[in-house]
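Okay, so here's the structure we're looking at.
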Amino acid sequence: MIPKRAKQAVGQRLLEAFRAAGAEEIAPDILLPAGSLLDLYGEDIRARAYVTADPIRGEMMLRPDFTVPVVEAHMTNGAEPARYCYLGEVFRKQDMGDQRPATLRDNEYLQAGFELFSRDPAADAEVFALFHRLLAPHRLRAEIGDMGLVLDAVRGLPLPEARREALLHHVWRPGRFRRMLARF
């Protein structure tokens, strides 16, 4: 297990890089109204979140992630394009299933993040490049599961149009795509 102080140090380095990339740091509350979280995630989040009741504020949750509070802050104050970064604890209960797992997972995580709200397809490529640069020294790799993001990232590459089109054509052939990307 990594000591909390070491996690904080890594988080602070990431936060510095996000600020250098032009992000405004935001610090959403740790205790959030449950209503908006339930509206977005559905009742499924209730099983994984720490829920409490406040006699005045009603049902509240310990922050399960930063998605909802960051989007709410952007909708209240932001204009596009906008860049935000954050660092803080998020909390999740672990589903034990039918039996107690041999190794328990943490219930409290330190989450660092960078959000770029923009309609420019090159924005996705910029974010991916930022994370690639920050993760590569740690021998970590970023993975994208949303093909729309992958396509936008390819469209945002600083390449001649013919090479960009070749990559888009072969994106469905992972081996060939990786070789072409490395060559270009």
Tell me whether region 154-174 contains one or more residues that are part of a helix (DSSP H, G or I), at pLDDT below 85 and not small (Gly, Ala, Ser).
yes
Whether any residue in region 106-118 is out of contact with any helix residue (DSSP H, G or I) (no Cβ under 6 Å at 6 or more places or on another chain), open to solvent by 70 Å² or more (accessible area, probe 1.4 Å) and under 30 Å from ALA49 (Cα atoms) is what I want to check.
yes
Within region 3-59, residues open to solvent by 80 Å² or more (accessible area, probe 1.4 Å), under 24 Å from ARG83 (Cβ atoms) and of a type in the set (A, V, I, L, M, F, W, C) come out as ALA20, ALA27, LEU40
Please name all residue pairs, on different chains or six or more residues apart, with Cβ atoms under 6 Å, provided the first residue is in region 133-154 and is in contact (Cβ under 8 Å) with a residue 40 or more places away in the chain and the second residue is open to solvent by less than 40 Å² (accessible area, probe 1.4 Å).
LEU134/ALA17
Could you list, ordered by first residue, the pairs with Cβ atoms under 6 Å in which the first is in region 67-81 and under 16 Å from PHE114 (Cβ atoms) and the second is surrounded by 16 or more Cβ atoms within 10 Å (Cβ to Cβ) and of a type in the set (D, E, K, R), at least 6 apart or interchain?
VAL70/GLU115
Taking the options ARG5, ARG19, ARG13, name whichever one is farther than 30 Å from GLU126 by Cβ and either assigned to a helix (DSSP H, G or I) or aromatic (Phe, Trp, Tyr) (or both).
ARG5
Pick from region 124-148, criterion open to solvent by less than 70 Å² (accessible area, probe 1.4 Å) and closer than 17 Å to TRP172 by Cβ, ranking: nearest to the chain's Cα centre (by Cα):
ILE144
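The values are calculated or read from the model by the stated rules, or taken from the named source; none is laboratory data. Please read these numbers as outputs of a predicted model, since none were measured by experiment. As a convention, Cβ positions derive from the backbone with ideal geometry for all residues, glycine included, and neighbour counts pool all protein chains shown. Calculation scope for accessible area: heavy atoms of the full protein, side chains included, ligands and nucleic acids excluded. Shrake-Rupley method; radii C 1.70, N 1.55, O 1.52, S 1.80 Å.
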